Amino acid sequence: MMKFFLKYIFLFCVFGLMGRNALSAEPIRVLYAENEVVNQQRLQYAVNKLTVATQKPSAVFRFGETALQKGDLLLGVLGTTARWQELVPAKLLDDLKNKESFVIYRKDSTSPLIIVGKDETGVLYGCEQALENTFYANKPVSYTDAPEMVLRGTAIGLQKTEYLPGRDVYEYPYTEDLFPWFYDKELWVQYLDMMLENRYNTLYLWNGHPFSSLVKLKDYPYALEVDDETFAKNEEIYRFLTEEANKRGIWVIQMFYNILLPKPFADKHGLKTQERNRVITPLISDYTRKSIAAFVEKYPNVGLLVTLGEAMEGVGQDDIDWFTKTIIPGVKDGLNAIQSELEPPIILRAHDTDAPAVMKAALPIYQNLYTSAKFNGEALTTYETRGKWAELHQTLGSIGTVHIQNVHILANLEPFRYAAPDFIQKSVKSMHDIHFSNGLHLYPQASYWDWPYTADKTDERLLQVERDWMWYKAWARYAWKAARPENKEKIYWSSLLSNYYGLPEKDATNLLVALDEVGEISPKILRRFGITDGNRQTSSLGMLMTQLINPYRYGLFTLLYESEAPEGEMIIEYAEKQFKGEQHVGETPMRVADEIVAHANKAVQAIQGIQQSAHKNQEEFQRLINDVYIHQALAEHYSSKVKAAIQLLEYKYTEDVESLRKALPDFEKSVDAYKKLTALTTDSYLYANSMQTKQRKIPMRGVDATFKHWTEMLPVFETELHNFQQAIDSIASTAGQPKKERKLLNEKEVSVKANVQYAVLKKGAKLHLDQELVVTHLANELEGMKAVMINSEDQKLNGTTLKFENDQAVKVLVGYFNNTDKVFAPKPVLEIDATANDYGQAEAKIRHALRIQYMPMLDIHTYSFPKGKNELKIPKGEALILGFIADDELQHAYNADVDNQGDDMDDLFGYYEETKL
């Protein structure tokens, strides 16, 4: 397999250009001091690297006994001994304050080269530095270096692009059938070598519940999800991985979700593997605690990354109790079993949980704790975060433990190459300056769910570790040291590109310009036009017009605009201000629509004349050039469509059909640009998004791996434009005619297994058992439905559970209040709850459907249930159960607009097959 990391380029230089004799012109011994060494395996690995490079023997160095010679290489750990001051100036040694720091020193050309590390990892990094610089060619050298970020890690997911039969998201046992790459030692060595080359020191393995593939429990033998042969293979490869990682200064961290149960265990006890609102029982707690204990006993040097939210109800006492009464005790049980007092690190993800409260409760009982939170959600949007998200990072970064930035999923970059050092450097600076962070947790640049492969359409599939070498190198470089002069960075990256592609210096410089310009496009598209920072949106596939002009219909994740973008305006805000003649604020949609095209045009201009300049890795170079043209087409598509959206929103205020006609030219340009985009991707990419499940919603629902390619989306956009053209003609011909009212919904009888009271929906109806508030606004089609009366105080304390039996498939109408106050039940949101659409409930089917006196507006979400015995569960907080209807009703979402805020114009775009656009 192709390997193009710089160490290989370097070794070519050492043994090829210099010649072997130049390297070994002087007698060389590799000497190493064993004083103060704790991690013998890591030190020996460093020694072995030098002996392989020099082809000279190694020997132990003893202070006061071993005489040093010209050409010797001496390395060791600083420790507490003063003997190193006999060989290295004290001023240099004083710089070895932090872990992983190192000094390289040679007094003059007749002196030995000395490498001293603060610890064994520092020694290893010093050896790597010396190798990269060909041992400084026997010249005098005084060099010290140390990392700024304490933890610098990469992530690999043991995940798949689709769900396994009978299972839910994240539920993937460790087996060769599912993950053949996991058992590939050669691939692991290649990846770990890349990590060492870039001085990464942490490797995160993501999985829903790894314990049932890695440990056996005496009390729960049936929880094991793999056969004995596979279990033995898992033990062997996990041991290999952790040992090889340790040699390279890499700490393995196993991630797991809570509360997630292995399927055999869940089936035996009549439980669900995942249930967000589940009650914590002694059985569930005991199983999880013993799983963690067995894992820690078996792998005491492996850290744990804990996700408390998503697979259990986030934010509350349950999270705190689970962490402090199940997880941490499990870790301590494992330590007690091996009589160890050395606490393995535990990292708490600030995902769908009150992380500051959890940490406050946990620190008194466990010291080796870290926190982690997403940098820009599940995307890369800005290095200027602000608002609530920045405040959360700042809080976690100020509690006295190391706070880690998780560059997560990168849904808006998929599947194209992203190699923009300038944007990445600014992002790392903001991690320090804005987020008070000192750690990096980096996801693959694309295709996380399809590891180890990229989405490129090639005869032999490309490996992410190879294609995305600049991604890994850039984040690592700036995690080590963020503040580097711009002019020197341009020289550095141009040199790398020149070496890798065999480009003339001028062409490499132009290529770097193109990569940095392209690097601005996708972040700006999502942060100014998008619905969410989550992976339910694949922005490289484009967006429907209704998603641009009516984002709330699609569950707008407002944090994207409030925190993960510079101050500015949404499309709907811009259009309203434009019509009213009000002053615009900050980064506007129209500005970004122009900027992304300008970025693309600069990138294309920069690569003119260099397409045939590459003399190395030519096929990859052509794929990279194609990506530049892809980004130009993508930018042109979005730019034109956004301009059309702004223009047609004028109709909301004028009700003049000419406002719609004026939008047609840009709308048509957007489709033309998408045709170019489709042509460029048809033969170059297998898919746009690696998550190909029902969770993906935007631009189209991606169930069963559909609507994952531009060839599938082009007919949608062509139909959307055609429907809009027809709508204009229809509006013009029916001007002045009254609108049709919607038909009444038909109540379906179900047998509720509880003593409940009902209220017939109408204006003036009282829906609470414990309040006198009445319905003031109501969509006509809801009249006559039987709502289940609720006790709001009980809902706040316990949530809502309703058991019922039905003789045909039904939908339950659940009303969620449009307010994020904790007194109200939270709406189902896929960004924080992977199960938020298990019953089709993620989308609001009737927006602005009902209002109760003194209460916020209410949206109706529907939960679909099959025939039989069922159970509806709603999180803690007030919500309404507004009736039962046949499952084939309410197939398409709409805005009832009961308080007359204005029509949302969705009907202008019709349907694509059965999907309302």
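The values are calculated or read from the model by the stated rules, or taken from the named source; none is laboratory data. Just so you know, these numbers come straight off a predicted model, no measurement behind them. Reconstructed Cβ throughout: ideal geometry from the backbone, glycine too, with neighbour counts over all protein chains shown.
Yes/no per residue for (1) surrounded by 18 or more Cβ atoms within 10 Å (Cβ to Cβ); (2) under 22 Å from Gly157 (Cα atoms); (3) free of Cβ contacts under 8 Å to residues at least 24 places away in the same chain; (4) in the same structural domain as Asp422 (by TED's automatic domain parsing):
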| residue | (1), (2), (3), (4) |
| --- | --- |
| Glu310 | yes, yes, no, yes |
| Gln317 | no, no, yes, yes |
| Lys325 | no, no, no, yes |
| Ala373 | yes, yes, no, yes |
| Lys388 | no, no, no, yes |
| Ile404 | yes, yes, no, yes |
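Taken over the stretch 477-487, the criterion of being assigned to a loop (DSSP other than H, G, I, E, B) and touching a residue at least 24 places away in the same chain (Cβ under 8 Å) is satisfied by Lys481, Ala482, Ala483, Arg484.
Residues in the stretch 422-432: is at least one more than 28 Å from Arg696 (Cα to Cα) and either surrounded by 24 or more Cβ atoms within 10 Å (Cβ to Cβ) or free of Cβ contacts under 8 Å to residues at least 40 places away in the same chain (or both)? Write out each step before concluding.
We begin by selecting, within the stretch 422-432, every residue more than 28 Å from Arg696 (Cα to Cα); these are 422, 425-426, 428-432.
Narrowing the set further to residues that are either surrounded by 24 or more Cβ atoms within 10 Å (Cβ to Cβ) or free of Cβ contacts under 8 Å to residues at least 40 places away in the same chain (or both) leaves 428, 431.
Looking through the stretch 422-432, at least one residue is more than 28 Å from Arg696 (Cα to Cα) and either surrounded by 24 or more Cβ atoms within 10 Å (Cβ to Cβ) or free of Cβ contacts under 8 Å to residues at least 40 places away in the same chain (or both).
Restricted to the stretch 81-176, the set of strands (runs of 3 or more DSSP E) holding at least 3 residues that are at pLDDT below 95 and on the phi < 0 side of the Ramachandran plot is empty.
Number of residues in the stretch 567-604 that are assigned to a loop (DSSP other than H, G, I, E, B) and crowded, with 16+ Cβ neighbours inside 10 Å: the value is 3. The criterion of being on the phi > 0 side of the Ramachandran plot and more than 40 Å from the chain's Cα centre (by Cα) does not hold for Gly799. Determine whether Ser751 is among the polar types (S, T, N, Q) and in contact with a His (Cβ under 6 Å, 6 or more places away or on another chain). No; evaluated as a whole, the condition is false for this residue.
Return the total of residues in the stretch 327-365 being hydroxyl-bearing (Ser, Thr, Tyr) and either surrounded by 16 or more Cβ atoms within 10 Å (Cβ to Cβ) or assigned to a helix (DSSP H, G or I) (or both).
Qualifying residue count, the stretch 327-365: 1.
Using the structure shown, decide if Leu778 is farther than 15 Å from Ala879 by Cα, under 42 Å from the mean Cα position of the chain (by Cα) and among the hydrophobic types (A, V, I, L, M, F, W, C). Yes, satisfied. Can you tell me how many residues in the stretch 281-336 are touching an Asp or Glu at 6+ places or on another chain (Cβ under 6 Å) and within 20 Å of Met359 (Cβ to Cβ)? Counting residues in the stretch 281-336 that are touching an Asp or Glu at 6+ places or on another chain (Cβ under 6 Å) and within 20 Å of Met359 (Cβ to Cβ) gives 5.
Filtering the stretch 298-319 to residues that are hydrophobic (A, V, I, L, M, F, W, C) and modelled with pLDDT under 95 leaves Leu308, Ala311, Met312, Val315.
Asp228 - would you say it is surrounded by fewer than 21 Cβ atoms within 10 Å (Cβ to Cβ), touching a helix residue (DSSP H, G or I) at 6+ places or on another chain (Cβ under 7 Å) and either under 27 Å from Asp468 (Cβ atoms) or of a type outside the set (S, T, N, Q) (or both)? Against the criterion (surrounded by fewer than 21 Cβ atoms within 10 Å (Cβ to Cβ), touching a helix residue (DSSP H, G or I) at 6+ places or on another chain (Cβ under 7 Å) and either under 27 Å from Asp468 (Cβ atoms) or of a type outside the set (S, T, N, Q) (or both)), Asp228 does not qualify.
Residues considered: Leu68, Leu131, Leu96. Of these, the only one that is hydrophobic (A, V, I, L, M, F, W, C), in contact (Cβ under 8 Å) with a residue 40 or more places away in the chain and over 24 Å from Gly249 (Cα atoms) is Leu68. For the stretch 797-830, the tally of residues that are in a loop (DSSP other than H, G, I, E, B), over 23 Å from His892 (Cβ atoms) and in contact (Cβ under 8 Å) with a residue 24 or more places away in the chain stands at 7.
Only one residue in Ser495, Ser427 is outside any loop (DSSP other than H, G, I, E, B), among the hydroxyl-bearing types (Ser, Thr, Tyr) and in the same structural domain as His393 (by TED's automatic domain parsing). Which one?
Ser427
Scoring Ala809 on the criteria (1) surrounded by fewer than 17 Cβ atoms within 10 Å (Cβ to Cβ); (2) in contact with a Phe, Trp or Tyr (Cβ under 8 Å, 6 or more places away or on another chain); (3) closer than 27 Å to His351 by Cβ leaves a single failure, condition (3). Of the residues making up the stretch 875-894, those that are assigned to a strand (DSSP E or B) and surrounded by fewer than 22 Cβ atoms within 10 Å (Cβ to Cβ) are Ile885, Ala886, Tyr894. What is the number of the single condition among (1) of a type outside the set (S, T, N, Q); (2) at pLDDT below 95; (3) under 30 Å from Phe579 (Cβ atoms); (4) surrounded by 16 or more Cβ atoms within 10 Å (Cβ to Cβ) that Met691 does not meet? Unmet condition: (3). Within the stretch 126-146, if we keep just the residues that are closer than 13 Å to Val116 by Cα and among the small types (Gly, Ala, Ser), the residue that is nearest to the chain's Cα centre (by Cα) turns out to be Ala146. Residues that are in the same structural domain as Glu781 (by TED's automatic domain parsing), buried (at least 21 other Cβ atoms within 10 Å of the Cβ), within 24 Å of the chain's Cα centre (by Cα) and among the small types (Gly, Ala, Ser) occur at least once in the stretch 838-857.
Suppose the filter is at pLDDT 95 or above, outside any helix (DSSP H, G or I), crowded, with 24+ Cβ neighbours inside 10 Å and touching a helix residue (DSSP H, G or I) at 6+ places or on another chain (Cβ under 6 Å); does Phe416 pass it? Judged against the criteria, Phe416 is a match. For Lys490, the conditions (1) in a helix (DSSP H, G or I); (2) in contact with a strand residue (DSSP E or B) (Cβ under 9 Å, 6 or more places away or on another chain) are fulfilled apart from (2). Count of the stretch 457-476 residues, restricted to those that are over 13 Å from Ala446 (Cβ atoms), under 18 Å from the mean Cα position of the chain (by Cα) and in contact (Cβ under 8 Å) with a residue 60 or more places away in the chain, is 2.
Scanning the stretch 689-746 for residues that are more than 24 Å from Met543 (Cα to Cα), assigned to a helix (DSSP H, G or I) and among the hydroxyl-bearing types (Ser, Thr, Tyr) yields a total of 2. How many of the residues in the stretch 195-239 are among the charged types (D, E, K, R) and without any contact (Cβ under 8 Å) to a residue 12 or more places away in the chain? Total meeting the criteria: 6. Would you confirm, using the coordinates I've provided, whether Gly309 is within 26 Å of Arg349 (Cα to Cα), of a type in the set (Gly, Ala, Ser) and in contact with a strand residue (DSSP E or B) (Cβ under 6 Å, 6 or more places away or on another chain)? Criteria not met by Gly309. The set of residues in the stretch 645-688 that are part of a loop (DSSP other than H, G, I, E, B) and either surrounded by fewer than 20 Cβ atoms within 10 Å (Cβ to Cβ) or not assigned by TED's automatic domain parsing to the domain that holds Glu619 (or both) comprises Glu655, Asp656, Lys662, Asp683, Ser684, Leu686.
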